[in-house]
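*Asks:* Before I ask anything, let me first share the structure, which is written out below as structure tokens.
The values are calculated or read from the model by the stated rules, or taken from the named source; none is laboratory data. Being a predicted model, the structure only gives us computed values, none of them experimental. In this analysis, Cβ positions are derived from the backbone assuming ideal geometry, glycine residues included, and neighbour counts consider all displayed protein chains.
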Amino acid sequence: MNPRDKRPGDRRSFPQPGRPGAAVWYVLGFLLLMALAQTWFLAPAGRQISYSEFKAAVRAGQIAEVVISEQTVRGAYKSEVNGSRNFNTARIEDPKLLEELDATGVRYTGEFVSRWLPEVIGWVIPIVLLFALWSFFVRRMGGAEGGVMSFARSKHRVFAEDDVKVSFADVAGVDEAEQELKEIVEFLQNPKKYTALGGRIPKGVLLVGPPGTGKTLLARAVAGEAKVPFFSLSGSEFVEMFVGVGAARVRDLFSQAEQKAPCIIFIDELDALGRARVQSPMGSHEEREQTLNQLLAEMDGFDSRKAIIIMAATNRPEVLDPALLRPGRFDRQVLVDKPDVKGREEVLRIHTRQVKLAQGVDLKVVAARTAGFAGADLANLVNEAALLAARKDKGAVEMADFDEAIDRLIAGLEKKRVMSRKEREIVAYHESGHAIVATLIPGMDPVHKISIVQRGFGALGYTMQLPLEDRYLMQRRDLLNQLAVLLGGRTAEEIALGEISTGAQNDLLRATDIARAMVTEWGMSDALGAINYDGHKRSKFLDIAIGPERGAYAEDTARLIDAEVKRIMTEAHAEARRILTEHPDMLEAVTRRLLEQEVMEGNELRAILGVPSAAAEPSSEKTPLPPGLS
Ligand code: ADP
Ligand code: MG
Ligand code: ZN
């Protein structure tokens, strides 16, 4: 769509056209010449005849002279036979030949065979051919993903884009990420301002988010906004065939960047390179680990006042080596998530800037119909709609084209799990349930945000509460409330839809976990008393780690524990039900609003519920990954 979207990588990773091919053509041409030469010089002149024919001609006295060489006999007739004076034939073992020649008075001579030509053909040609093939493949590999040859050339392969034309205006629907990155732009534009007081500029920023949400685009936009050179490489480009090459490339990259500071180094698909190092018995990932180690060393080593920002992107943060996320490395993580309705509309607006739209096209409606689409999907959608319109020879893209394109893309995305309307409704009720219970129980952490935008990492929606203050202790009451909130999702589904779904699995797991810990670890059940039944298992407060093994206690006690856990859960469930049935219209209102706009801020929720917004609702734009409720 947007011509600026052309990726820099496209220009870099191909070998120059024609160069490696040329060598091969030379060799082929040479071979052809040799073959011609062979027929020219070696092939004896004259008509090819059989040996018996030759002998018959000798006896009949037709032959004038012959030249006998190691393998052939050629010669001339006294007069033309079958249109040719000359003949040749393959020589065979024939001891009597000379006698017969003498008898019929034929002139005969022997011949030295010149040996160099067969020699050349027999030995040199295959060698030349092999060499040509070898160098051809080596160049191919070197051009594509870095091979033997590219090692030597790696200095030229790192490609700094000096004048990036992308800006934040080309990115939409990821406002929070944009906000965080603006700070990085500031640093790059004016490093002195920050370093003058002795501060250190952040080194690493990791963009995390599902594919196609604009991570690469954002990284380029940062370079474009700050007007600094942009070094970009993909993680897989570092992983070479030979040990040490990737590490050399990392060193190279950083030394080049240092000369161009301030600048940005962008490592796309960091997971290809930065996977957790494992102790493998085969030692098979040695190369990747060396490269990773080199990267870590470079990140630690370079002067942090030099204003080089290392950005990286990944959609699989969970596989990254923890060492990468340590302070001083990629310690800033920016979540780049799929856009909500409003964001989708803005993305569509950007990508239709150069598309002729018909009168009736309402991008708002298009946005509403594309729940679950990432930015790249939307760009694709606009393109598809434009192509459909063009195929029908229309003068402008109409709403019908968008509809058709949406249908096509959704069919294609089905594998990526775009939610159906019914599913969205279930998720909306579920999240509303969590949020309402959390808001109406006094003393709970305020709800910060509810969302039914499908996230990349499994959850279909989430309700985020932000604590007002750090907690070190929780009282029994707090835990019971927490349980009611956790069960609020499932309960809302029951009440509103009269049916339950699998969506509550994680809630139930967490709730059961808490209930069990209340009984067996924190001595909060009257029936069992203040006894810890589970030993030292739990290291961190509320951190879930119930293993399959259990503490040492009797069968009867086990039964009692189960009964108590069940009782606590049942009571929490009843509490959630009580709150939600008391305000059925609220559940309906919140759900409708959520379906409409997909995300809702805490204040808006409290306005619907008629609860005053706590003045202390944290205003920070930071988004920690949601502390659990899903
Ligand atoms: P990622 O790196 O997250 O997989 P990309 O940045 O490569 O995604 O996005 C691919 C293309 O999709 C971009 O070049 C752009 O055209 C479009 N795109 C993706 N996200 C957005 C967005 N938030 N705003 C505008 N365009 C987007
Ligand atoms: Mg990308
Ligand atoms: Zn839930």
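*Asks:* Quick one: would you say L233 is outside any strand (DSSP E or B), aliphatic (A, V, I, L, M) and away from ligand 3 (no atom under 16 Å from the Cβ)? Even if it seems obvious, please write down each step before you answer.
*Replies:* Details: outside any strand (DSSP E or B): no; aliphatic (A, V, I, L, M): yes; away from ligand 3 (no atom under 16 Å from the Cβ): yes.
Against the criterion (outside any strand (DSSP E or B), aliphatic (A, V, I, L, M) and away from ligand 3 (no atom under 16 Å from the Cβ)), L233 does not qualify.
*Asks:* If I filter the range 136-143 for residues that are modelled with pLDDT of 80 or more, within 22 Å of I267 (Cβ to Cβ), buried (at least 19 other Cβ atoms within 10 Å of the Cβ) and under 26 Å from the mean Cα position of the chain (by Cα), do I get at least one hit?
*Replies:* No, the range 136-143 contains no residue that is modelled with pLDDT of 80 or more, within 22 Å of I267 (Cβ to Cβ), buried (at least 19 other Cβ atoms within 10 Å of the Cβ) and under 26 Å from the mean Cα position of the chain (by Cα).
*Asks:* So if I check each of K342, K338, which one is at pLDDT 90 or above, among the basic types (K, R) and in contact with a Gly (Cβ under 8 Å, 6 or more places away or on another chain)?
*Replies:* Numbers: K338 fails: at pLDDT 90 or above.
Of K342, K338, the one residue that is at pLDDT 90 or above, among the basic types (K, R) and in contact with a Gly (Cβ under 8 Å, 6 or more places away or on another chain) is K342.
*Asks:* Among the residues of the range 490-526, what is the count of those that are outside any loop (DSSP other than H, G, I, E, B) and touching a residue at least 40 places away in the same chain (Cβ under 8 Å)?
*Replies:* Narrowing the range 490-526 to residues outside any loop (DSSP other than H, G, I, E, B): 490-497, 502-520.
Still in the running and touching a residue at least 40 places away in the same chain (Cβ under 8 Å): 490-497, 503-504, 506-507, 510-512, 515-516, 518-520.
Residues that pass the stated criteria total 20.
*Asks:* Mind counting the residues in the range 253-272 that are over 15 Å from G235 (Cα atoms) and in contact (Cβ under 8 Å) with a residue 40 or more places away in the chain? Explain how you work it out, then say what you get.
*Replies:* Filtering the range 253-272 for residues over 15 Å from G235 (Cα atoms) gives 255-264.
Remaining after also requiring in contact (Cβ under 8 Å) with a residue 40 or more places away in the chain: 256-258, 260-264.
Counting residues in the range 253-272 that are over 15 Å from G235 (Cα atoms) and in contact (Cβ under 8 Å) with a residue 40 or more places away in the chain gives 8.
*Asks:* OK, next. Does the range 207-236 hold any residues that are closer than 13 Å to I265 by Cβ and in contact with a Lys or Arg (Cβ under 7 Å, 6 or more places away or on another chain), and which are they?
*Replies:* P229, F230
*Asks:* Sticking with this one: Among the residues of the range 190-229, what is the count of those that are free of Cβ contacts under 8 Å to residues at least 40 places away in the same chain and touching a Ser or Thr at 6+ places or on another chain (Cβ under 7 Å)?
*Replies:* The total comes to 0.
*Asks:* Which residue is nearest to the chain's Cα centre (by Cα), if the candidates are limited to the range 450-461 and must be modelled with pLDDT under 85 and closer than 18 Å to K342 by Cβ?
*Replies:* Within the range 450-461, the subset modelled with pLDDT under 85 is 453-461.
Still in the running and closer than 18 Å to K342 by Cβ: 453-455, 461.
Values: V453: 21, Q454: 19, R455: 17, G461: 23 Å.
Among residues in the range 450-461 that are modelled with pLDDT under 85 and closer than 18 Å to K342 by Cβ, the one nearest to the chain's Cα centre (by Cα) is R455.
*Asks:* Out of all the residues in the range 308-328, which are more than 20 Å from the chain's Cα centre (by Cα) and crowded, with 24+ Cβ neighbours inside 10 Å? Spell out the reasoning first.
*Replies:* To start, the set of residues in the range 308-328 that are more than 20 Å from the chain's Cα centre (by Cα) comprises 308-309, 323, 326-328.
Selection gives I308, I309.
*Asks:* OK, next. In the list L486, L497, L440, L468, which residue meets the criterion of being more than 24 Å from E596 (Cβ to Cβ) and either over 41 Å from the mean Cα position of the chain (by Cα) or at pLDDT 85 or above (or both)? Even if it seems obvious, please write down each step before you answer.
*Replies:* Values: L497 fails: more than 24 Å from E596 (Cβ to Cβ); L440 fails: more than 24 Å from E596 (Cβ to Cβ); L468 fails: either over 41 Å from the mean Cα position of the chain (by Cα) or at pLDDT 85 or above (or both).
Result: L486 is the single residue among L486, L497, L440, L468 that is more than 24 Å from E596 (Cβ to Cβ) and either over 41 Å from the mean Cα position of the chain (by Cα) or at pLDDT 85 or above (or both).
*Asks:* Right, next: State yes or no: is R220 assigned to a helix (DSSP H, G or I), crowded, with 21+ Cβ neighbours inside 10 Å, within 22 Å of the chain's Cα centre (by Cα) and within 15 Å of ligand 1 (Cβ to nearest atom)?
*Replies:* So R220 passes the test.
*Asks:* Separate question: Against the definition (assigned to a loop (DSSP other than H, G, I, E, B) and of a type in the set (K, R)), how does K193 come out, yes or no? Reasoning before the result, please.
*Replies:* Working: assigned to a loop (DSSP other than H, G, I, E, B): no; of a type in the set (K, R): yes.
Judged against the criteria, K193 is not a match.
*Asks:* Suppose the filter is surrounded by fewer than 11 Cβ atoms within 10 Å (Cβ to Cβ) and either aromatic (F, W, Y) or modelled with pLDDT of 80 or more (or both); does S79 pass it? Full working, then the answer.
*Replies:* Working: surrounded by fewer than 11 Cβ atoms within 10 Å (Cβ to Cβ): yes; either aromatic (F, W, Y) or modelled with pLDDT of 80 or more (or both): yes.
It is true that S79 is surrounded by fewer than 11 Cβ atoms within 10 Å (Cβ to Cβ) and either aromatic (F, W, Y) or modelled with pLDDT of 80 or more (or both).
*Asks:* So, in the range 162-183, of the ones that are β-branched (V, I, T) and modelled with pLDDT of 90 or more, which residue ends up nearest to ligand 3 (Cβ to nearest atom)? Steps first, answer last, please.
*Replies:* Our first condition is that a residue be β-branched (V, I, T); within the range 162-183, this holds for 164, 166, 171, 174.
Among the residues that remain, those that are also modelled with pLDDT of 90 or more are: 166, 171, 174.
Working: V166: 38, V171: 31, V174: 25 Å.
It comes out as V174.
*Asks:* Still on this structure, I have one more. Anything in the range 332-347 that is under 16 Å from P211 (Cβ atoms) and free of Cβ contacts under 8 Å to residues at least 60 places away in the same chain? List them, or say none.
*Replies:* Of everything in the range 332-347, nothing turns out to be under 16 Å from P211 (Cβ atoms) and free of Cβ contacts under 8 Å to residues at least 60 places away in the same chain.
*Asks:* Sticking with this one: Of everything in the range 330-346, what is over 18 Å from T216 (Cα atoms) and assigned to a loop (DSSP other than H, G, I, E, B)? Give them in sequence order.
*Replies:* Result: D331, D340.
*Asks:* Give the range 84-109 a look and list any residue that's farther than 16 Å from S50 by Cα and either of a type outside the set (S, T, Y) or at pLDDT below 80 (or both), or say none. Spell out how you get there, then give the answer.
*Replies:* Applying the first criterion (farther than 16 Å from S50 by Cα) to the range 84-109 yields 95-96, 98-109.
Hits for the range 84-109 are P95, K96, L98, E99, E100, L101, D102, A103, G105, V106, R107.
*Asks:* When the range 329-358 is examined, which residues are found to be farther than 30 Å from A428 by Cβ and surrounded by fewer than 16 Cβ atoms within 10 Å (Cβ to Cβ)?
*Replies:* Pass one, the range 329-358, residues farther than 30 Å from A428 by Cβ: 329-332, 353-358.
Once the filter is applied, which keeps residues that are farther than 30 Å from A428 by Cβ and surrounded by fewer than 16 Cβ atoms within 10 Å (Cβ to Cβ), the range 329-358 yields D331, R353, Q354, K356, A358.
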